[in-house]
Amino acid sequence: MSWNDRSLRRWSPLVTLTTLHWIFLFYVLVVIVVMGLRRDPLIPCILGILHIGWMYTGGLGGAIQAVFNALVVAGIEFLGIIVVISLIVAMSKVLTELGADYLIMRPAAKLMINADVAFWILGFAMLIVSWFVWPSPAVALIGGIMLPIAVRAGLPAMGAAMAMNIFGHGIALSSDYVIQGAPTITAKAAGLTSGDVVSASIPLVVVMGLVTSIIAFILVRRDIAANRAAHDKERQQYENKNQKSEITALSYVFAFLVPIAFIADVWAMLTYDLKGGDATALVGGTAALLLALGSVLKYGVESLEKITDFVRDGFMFGIKIFAPVIIIGGFFFLGKGELSQQILGKGAPGFLEDVGLALSNAVPLNKAAVAVIELAAGMIVGLDGSGFSPLPLVGSIAATFGTALPDLNVATLAALGQIAGVWTGGGTIIPWGLIPVAAIAGVNPIELARRNFIPVISGLAVTTIVAILLM
C-alpha cells in the first residue's frame with residue numbers, strides 16, 4: 001500500500017495529510033525534545049529518514065538508500081560553506097605563524113585607554129574578525145592578543161569574555177554577512193536566497209546587537225564599581241600575558257595585505273552586487289590565495305608540505321562543525337518538496353510545506369503567534385551548543401508558516417529563527433557552548449552564561465517584537 005492511501009484527514013482542498021506527514025511531525029517533535037535535553041539529535045534524525053523512507057518506498061532497501069541520499073543532498077547543499085570556512089581557518093593559522101595576527105590587532109589594542117573603551121574596542125574587534133574568520137578562530141586571535149590589554153585597561157576578565165561572546169558568537173555569527181554560512185543554510189531550508197535572509201536580518205541584528213550589548217555594558221560597569229579591588233588584582237595577573245609570535249618584515253606585509261584583500265572583496269560585493277554563492281566564492285578564493293602565498297613566503301620549499309597541514313587542520317575544523325548539521329539538515333530537507341524528491345524519489349511531498357497548507361485552514365494563526373513559535377524553536381534546538389544545528393529547522397518552519405499565512409514575510413521570520421538559534425547555541429547563554437571564550441579569559445563558563453543571560457534574553461524579546469512589526 002502506498003503512502004497516498006494512508007490519509008488520516010483532509011484538511012483543505014489543496015492538501016491531504018497522510019500517515020507519513022504525522023510520522024514526520026512526530027520525529028520533528030522528538031528532535032526538539034532531545035535537543036532540549038541537551039543531547040545530540042542525530043540518531044532520531046537518521047531513524048526518521050529511515051522510517052519515512054521505508055513507508056514511502058515500501059522496502060528496507062529503499063529506506064536505507066533514502067538515508068544515504070539525504071546525507072548526500074544535505075552535503076551538496078552545504079559543501080560551499082564547508083569549504084570556505086575550512087579555507088579561512090587554514091589561512092588564520094598561517095597568519096598566526098607569520099605573526100601578522102598580532103600586528104593586525106595592535107592598533108585597536110592601543111585605543112584601550114580605560115575599561116569602558118576596552119569593552120567596546122574588544123567587542124567590535126571580535127565582531128569584525130569573526131565576520132571574516134568566524135568566531136572560533138577569532139577567540140584565539142582576539143583572546144591571545146587583545147584580552148590581556150583590555151584587562152590591564154581595567155576591564156574585568158568576565159566583562160571581556162562577555163564582550164567577546166556577545167559581539168562574536170552573538171552578533172557576528174547570527175548575521176554572518178561576509179561568509180554567509182548561517183543565512184545560506186537558513187535560506188535553503190526556507191526556499192529563499194541567502195540575500196533575502198541577509199537583507200531581512202539587518203534590522204533585527206541591529207536591534208539585537210544594540211539591546212544586548214548596551215545592557216551587558218551597564219552590568220559590567222556596575223560590576224567594576226562593586227569589585228574594584230578584585231579587578232585591580234586581576235590586572236596585575238595579566239601584566240605578562242601578552243605573548244606574540246616573532247615579528248619580521250613579512251609579518252608587516254601580511255598585516256597590510258590581508259585586511260586590504262578582504263576590504264577589496266567587500267567592495268567587489270557591493271559594486272558588482274555579489275551575493276550568496278558568488279560572495280562566498282570570492283571570500284573563499286581570497287583565503288585560499290592568501291593561504292598559499294603566506295605558506296610559500298614563510299616556508300619556501302617546505303611550504304609544499306606545510307600548506308597540507310594548514311589545509312588539513314582547516315577542513316578538520318569545518319567538518320567538525322558541519323558533520324552534525326548535514327545529518328540534521330538531511331532530515332529537515334524532507335520538509336521541502338524539491339529536496340524531498342531528491343531523497344525519496346519522484347513525487348515525494350514536502351512534508352512541512354503540506355503541513356503549512358493544512359494549518360492555514362485548521363488553525364487561526366497570526367504573525368505574533370508564529371514569531372513566538374519560531375523564537376522558541378530556534379532557542380530549544382540551539383540548546384545542543386551548536387549555532388548552526390537549529391537553522392534547517394527554523395528555515396523549514398518559516399517556509400511552513402509562509403504557506404499558512406500568504407502575507408507573511410518569510411525572510412524576516414527565518415531571520416528571527418536564525419538569530420534565536422545562533423545566539424542560544426552559538427555560545428552566549430549555555431555553558432557548554434561558550435567554553436572556548438571562558439577558557440581563554442580564565443573565567444567560569446557557568447558564571448559567564450549566567451552573566452550573559454539577562455542581556456541576551458532581553459535582546460531576543462525586543463527583537464521578536466520588532467520582527468512581528470516587520471512581518
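Structure values in brief
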{"read-out": "All positions within region 421-437 that are surrounded by 23 or more Cβ atoms within 10 Å (Cβ to Cβ) and of a type in the set (A, V, I, L, M)", "value": "V422, I429, L434, V437"}
{"read-out": "Helices (runs of 4 or more DSSP H) fully within region 297-363 counting 1 or more residues that are modelled with pLDDT of 85 or more and more than 29 Å from the chain's Cα centre (by Cα)", "value": "303-332"}
{"read-out": "Of residues in region 364-386 being open to solvent by 30 Å² or more (accessible area, probe 1.4 Å) and outside any helix (DSSP H, G or I), the one modelled with the highest pLDDT", "value": "N366"}
{"read-out": "Filter result for V31 (among the β-branched types (V, I, T) and in contact with a Cys (Cβ under 9 Å, 6 or more places away or on another chain))", "value": "yes"}
{"read-out": "Members of region 39-66 that are farther than 21 Å from I397 by Cα, open to solvent by 30 Å² or more (accessible area, probe 1.4 Å) and in contact (Cβ under 8 Å) with a residue 60 or more places away in the chain", "value": "R39, Y56, T57"}
{"read-out": "Residue in region 272-288 that is without any contact (Cβ under 8 Å) to a residue 24 or more places away in the chain, in a helix (DSSP H, G or I) and over 14 Å from I179 (Cα atoms) present", "value": "no"}
{"read-out": "Near pairs, Cβ below 7 angstrom, 6+ apart or cross-chain, from region 107-121 (closer than 17 Å to Y252 by Cβ and among the hydrophobic types (A, V, I, L, M, F, W, C)) to any residue that is at pLDDT 85 or above and surrounded by 16 or more Cβ atoms within 10 Å (Cβ to Cβ)", "value": "A108/I121; A108/A125"}
{"read-out": "Those residues of region 438-457 which are open to solvent by less than 40 Å² (accessible area, probe 1.4 Å) and within 21 Å of A371 (Cβ to Cβ), in sequence order", "value": "P455, V456"}
{"read-out": "Qualifying residue in region 57-71 (condition: assigned to a helix (DSSP H, G or I), more than 17 Å from Q342 (Cβ to Cβ) and either at pLDDT 85 or above or more than 21 Å from the chain's Cα centre (by Cα) (or both))", "value": "yes"}
{"read-out": "Pairs where the first residue, in region 145-160, is farther than 14 Å from I113 by Cα and in contact (Cβ under 8 Å) with a residue 12 or more places away in the chain and the second is open to solvent by less than 10 Å² (accessible area, probe 1.4 Å) and among the small types (G, A, S), C-beta under 6 Å, 6+ apart", "value": "A157/A441; A160/A150; A160/A441"}
{"read-out": "Residues of region 218-265 satisfying the condition of being among the acidic types (D, E), modelled with pLDDT under 70 and open to solvent by less than 60 Å² (accessible area, probe 1.4 Å)", "value": "E234"}
{"read-out": "Subset tally (residues that are of a type in the set (A, V, I, L, M) and either touching an Asp or Glu at 6+ places or on another chain (Cβ under 6 Å) or in contact (Cβ under 8 Å) with a residue 40 or more places away in the chain (or both)) for region 425-449", "value": "8"}
{"read-out": "Among residues of region 90-124, those that are charged (D, E, K, R) and at pLDDT 85 or above, counted", "value": "3"}
{"read-out": "Given (1) within 15 Å of M208 (Cα to Cα); (2) at pLDDT below 85; (3) in contact with a Lys or Arg (Cβ under 8 Å, 6 or more places away or on another chain), number of the condition W432 does not satisfy", "value": "(1)"}
{"read-out": "Failed item, numbered, when T403 is tested on (1) in a loop (DSSP other than H, G, I, E, B); (2) of a type outside the set (F, W, Y); (3) touching a residue at least 40 places away in the same chain (Cβ under 8 Å); (4) open to solvent by 20 Å² or more (accessible area, probe 1.4 Å)", "value": "(1)"}
{"read-out": "Residue match in region 96-116 (condition: surrounded by 20 or more Cβ atoms within 10 Å (Cβ to Cβ) and within 30 Å of G329 (Cβ to Cβ))", "value": "no"}
{"read-out": "Criterion: of a type outside the set (A, V, I, L, M, F, W, C), open to solvent by less than 10 Å² (accessible area, probe 1.4 Å) and outside any helix (DSSP H, G or I) - qualifying residue of S396, S389", "value": "S389"}
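For every residue, the table says whether it meets (1) among the acidic types (D, E); (2) surrounded by fewer than 24 Cβ atoms within 10 Å (Cβ to Cβ); (3) not in a loop (DSSP other than H, G, I, E, B).
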site	(1), (2), (3)
L122	no, no, yes
A138	no, no, yes
P148	no, yes, yes
G154	no, yes, no
A160	no, no, yes
A172	no, no, yes
A182	no, no, yes
I185	no, no, yes
L192	no, yes, no
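The values are calculated or read from the model by the stated rules, or taken from the named source; none is laboratory data. Just so it is clear, the model here is predicted, and its values are computed rather than measured. Cβ atoms come from the backbone with ideal geometry, glycine included; neighbour counts cover every protein chain shown. The accessibility values were calculated without ligands, DNA or RNA, using every heavy atom of the protein model including side chains. Shrake-Rupley method; radii C 1.70, N 1.55, O 1.52, S 1.80 Å.
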